[in-house]
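The values are calculated or read from the model by the stated rules, or taken from the named source; none is laboratory data. What you see is a predicted model; the values in this text were computed from it and never measured. Positions of Cβ are generated from backbone atoms using ideal geometry, with glycine treated the same way; all protein chains shown enter the neighbour counts. Please note that ligands, DNA and RNA were not included when accessible areas were found on the heavy atoms of the full protein model with its side chains. Shrake-Rupley method; radii C 1.70, N 1.55, O 1.52, S 1.80 Å.
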Amino acid sequence: MSLVGKKFPSIAVDAISEMGDNLKINIFEEAVNNNKKVLLFWYPKDFTFVCPTELHAFQAALPEFEQRNTIVIGASCDTNEVHFAWLNTPKNNGGIEGVTYPILADTNRNLANILGILDIESTSYSEDTDSVIIEGSNVTYRATYLIDETGKIFHESVNDMPLGRNVNEYLRMVDAYTHIQTKGEVCPANWEAGKEAMSADRVSTAEYLSAN
């Protein structure tokens, strides 16, 4: 079920800073209390393969997000201790040394479960052990959320495990949403900052299509 247009769940989650400080971060409050947009991206596991390429890509784009009044936060179901070990592993050894934004450690999977982004193929009840058996990795897909200054989700996307994200697309989405907020216009397909947008009416659409 899509969460676009709804408020992001207001729940505090363990996290770690680049310096190894243990934190509690509530994404909704980060957006509202700081009057900033938030980009929250989930990845499956620390010390894996596609994941460090994404964390470094978001780090490289961090100044661009900061210019757009946007906070970047990573997230997985690994522990703070594993996050910190990865943060102290050099880039040339598959690590994320140099990443400076905080990373959530949703070890109890409370937030990931609310968002519905866990890789769970099926669940079954075992009478022998009186427990629920999960089939699947029970880690998150590559889910991404853009949250506005009111805590509302204005974009969500979910990639399967092998598919890395295009960070520039999220910059474009932030630009487009900011344009909508400030200009009251709507943004057509492939819109980028500086390009012509449209009014939300039939005449404006016809004029745009005629010119493009």
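Residue pairs, Cβ under 7 Å, 6 or more apart or interchain, first in segment 45-66 and among the aromatic types (Phe, Trp, Tyr), second open to solvent by less than 10 Å² (accessible area, probe 1.4 Å) and part of a helix (DSSP H, G or I). List them.
These pairs meet every condition: 47/86.
Looking only at residues in segment 157-167 that are in contact (Cβ under 8 Å) with a residue 60 or more places away in the chain and open to solvent by less than 50 Å² (accessible area, probe 1.4 Å), which one is farthest from residue 112 (Cα to Cα)?
The residue in question is 167.
Give all pairs with beta carbons closer than 7 Å in which a residue from segment 168-183 that is part of a helix (DSSP H, G or I) and open to solvent by 70 Å² or more (accessible area, probe 1.4 Å) meets a residue that is at pLDDT 95 or above and small (Gly, Ala, Ser); count only pairs at least 6 apart in sequence or on separate chains.
183/197
Within segment 70-125, track down each residue that is in a strand (DSSP E or B) and open to solvent by 10 Å² or more (accessible area, probe 1.4 Å).
Filtering segment 70-125 down to residues in a strand (DSSP E or B) leaves 70-76, 103-105, 118, 122-125.
Selection gives 71, 118, 122, 123, 124, 125.
Among the residues of segment 192-208, is any over 21 Å from residue 3 (Cα atoms), open to solvent by less than 70 Å² (accessible area, probe 1.4 Å) and of a type in the set (Val, Ile, Thr)?
Yes, some residue in segment 192-208 is over 21 Å from residue 3 (Cα atoms), open to solvent by less than 70 Å² (accessible area, probe 1.4 Å) and of a type in the set (Val, Ile, Thr).
Out of 54, 29, I need the residue that is surrounded by fewer than 17 Cβ atoms within 10 Å (Cβ to Cβ), modelled with pLDDT of 95 or more and either under 12 Å from residue 104 (Cβ atoms) or not aliphatic (A, V, I, L, M) (or both). Which one? Before you say what the answer is, go through the steps one by one.
Values: 54 fails: surrounded by fewer than 17 Cβ atoms within 10 Å (Cβ to Cβ).
Only one candidate qualifies: 29.
If only one of 66, 81 is under 24 Å from residue 117 (Cα atoms) and acidic (Asp, Glu), which one is it? I'd like the intermediate steps shown before the answer.
On the way: 66 fails: under 24 Å from residue 117 (Cα atoms).
Of 66, 81, the one residue that is under 24 Å from residue 117 (Cα atoms) and acidic (Asp, Glu) is 81.
Just to be sure I understand, how many residues within segment 1-36 are part of a helix (DSSP H, G or I) and over 14 Å from the mean Cα position of the chain (by Cα)? It would help to see each step written out before you state the result.
Residues of segment 1-36 that are part of a helix (DSSP H, G or I), as a first pass: 27-34.
If we keep only those that are over 14 Å from the mean Cα position of the chain (by Cα) too, we end up with 29, 32-34.
Adding up the residues that qualify gives 4.
Considering each residue of segment 90-139, count those that are without any contact (Cβ under 8 Å) to a residue 12 or more places away in the chain and closer than 21 Å to residue 61 by Cα, and give that number. Step through it out loud before you land on a result.
Initially, segment 90-139 is screened for residues without any contact (Cβ under 8 Å) to a residue 12 or more places away in the chain, giving 90, 92-93, 97, 108, 113, 124-133.
Pick out the ones that are also closer than 21 Å to residue 61 by Cα and you get 90, 92, 97.
Result for segment 90-139: 3.
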